[in-house]
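Peer 1: Dropping a structure here in structure tokens format, bear with me for questions.
Computed from the coordinates by the stated procedures, all read-outs in this text should not be read as laboratory data. Keep in mind it's a predicted model, so treat the numbers as computed, not measured. Backbone-built Cβ (ideal geometry, glycine too); neighbour counts: all protein chains shown.
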Amino acid sequence: MNAGTDEPPALRTPASPGEMFRVFTRMALQGFGGVLPVTQRELVERQRWLSPQQFVEMLSLAQVLPGPNVVNLALMIGDRFFGTRGAAAAMAGLLAAPLVVVIALAVLALQLQAHPWAAGALKGMGVVSAGLVIATASKLAGSLRSNPLGLPLCVGAALLALAAIGVLRWPLVGVVLALGATSTALAWWKLGR
């Protein structure tokens, strides 16, 4: 926040595709168990390239497109600021260093897979990953207040998705298509009123 006001800090534009490459590389190398929480913190809070609302809007679109959410998000953000060059820089930053790390870890995992402590470590990392996703969701929940559906419908849709996927084990694609189409239609109807 700015001193003495309730206004959020002003958004800024990345200086170059090179800066985008460096920021996305740093994000990717911090994103053990998923880079989404790191992406939100880096792009919204630290770099201030996007407002929380812009991040949620872009992430929503990234989630309904085919492919990994964060990869889709990187492409959209890179394109937004520097067109094709920015999209390429963001993608290279997001994927190059982790590719090297994952290949090295895969080779190491083949050597260690027989050890029980390695299986325990992987299970522990799963718990941490779930915690990171929950923490990111709670940070982004505040941006739902300005959503055209309103907070109660947004929370209802989130709970329906949680129940359908987490409890009933319905297919993710079907739930996303059904809830996404319904939420989109409701938002479109409310915006038209």
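Peer 1: If you build a Gaussian network model of the chain, linking Cα atoms that sit under 10 Å apart, which residue out of Leu50, Leu179, Leu140 swings the most?
Peer 2: It is Leu179.
Peer 1: With a 10 Å cut-off between alpha carbons and a GNM built on the chain, which of Gly31, Gly166, Gly78 moves the most?
Peer 2: Gly166
Peer 1: Using a Gaussian network for the chain with springs between C-alpha atoms less than 10 Å apart, which of these wobbles most: Leu177, Leu73, Leu108?
Peer 2: Maximum fluctuation in the GNM of the chain, among the listed residues, is at Leu108.
Peer 1: Still on this model: Treating only the Cβ of Lys, Arg, Asp and Glu as charged (+1, +1, -1, -1), what charge dipole size does the chain show about its Cα centre? Round to the nearest 20 debye.
Peer 2: Magnitude of the dipole: close to 80 debye.
Peer 1: On alpha-carbon atoms, Rg over Rh for the stretch 94-193 using Kirkwood Rh?
Peer 2: 1.14
Peer 1: Hey, another quick one. Using the Karplus curve 6.51 cos²θ - 1.76 cosθ + 1.60 with θ = phi - 60°, work out ³J(HN,Hα) for each residue of the stretch 46-52 in order, rounded to whole Hz, and write x for Gly and Pro.
Peer 2: Listing the rounded values in order: 8, 7, 6, 7, 9, 7, x Hz.
Peer 1: Now, a different point. Tell me, what ³J(HN,Hα) does each residue in the stretch 11-18 have, in order and in whole Hz, if you take phi through Karplus 6.51 cos²θ - 1.76 cosθ + 1.60 with θ = phi - 60° and put x for Gly and Pro?
Peer 2: Once θ is set to phi - 60°, the couplings for the stretch 11-18 become 6, 10, 9, x, 6, 6, x, x Hz.
Peer 1: If you find the alpha carbon centre of the stretch 142-193 and of the stretch 12-44, how far apart are they in angstrom?
Peer 2: Cα centroid to Cα centroid, the span is 27 Å.
Peer 1: How large is ³J(HN,Hα) for each residue in the stretch 73-79, as worked out from phi by the Karplus curve 6.51 cos²θ - 1.76 cosθ + 1.60 (θ = phi - 60°), to whole Hz, x for Gly and Pro?
Peer 2: Ordered by residue, 3J(HN,Hα) equals 4, 4, 4, 5, 5, x, 5 Hz.
Peer 1: Another question about this same structure. Over the stretch 1-142, consider all pairs of different Cα atoms and compute the Kirkwood hydrodynamic radius from their mean reciprocal separation; express it in Å, one decimal.
Peer 2: Result for the stretch 1-142 stands at 16.5 Å.
Peer 1: In whole percent, what relative contact order does the stretch 1-142 give with Cα contacts below 8 Å and a gap of six or more residues?
Peer 2: Once normalised by length, the contact order is 29 percent.
Peer 1: Which one of Leu11, Met58, Phe81 is farthest out on the positive end of the charge dipole of the stretch 1-86, using unit charges on Cβ (Lys, Arg +1; Asp, Glu -1) and the Cα centre as origin?
Peer 2: Phe81
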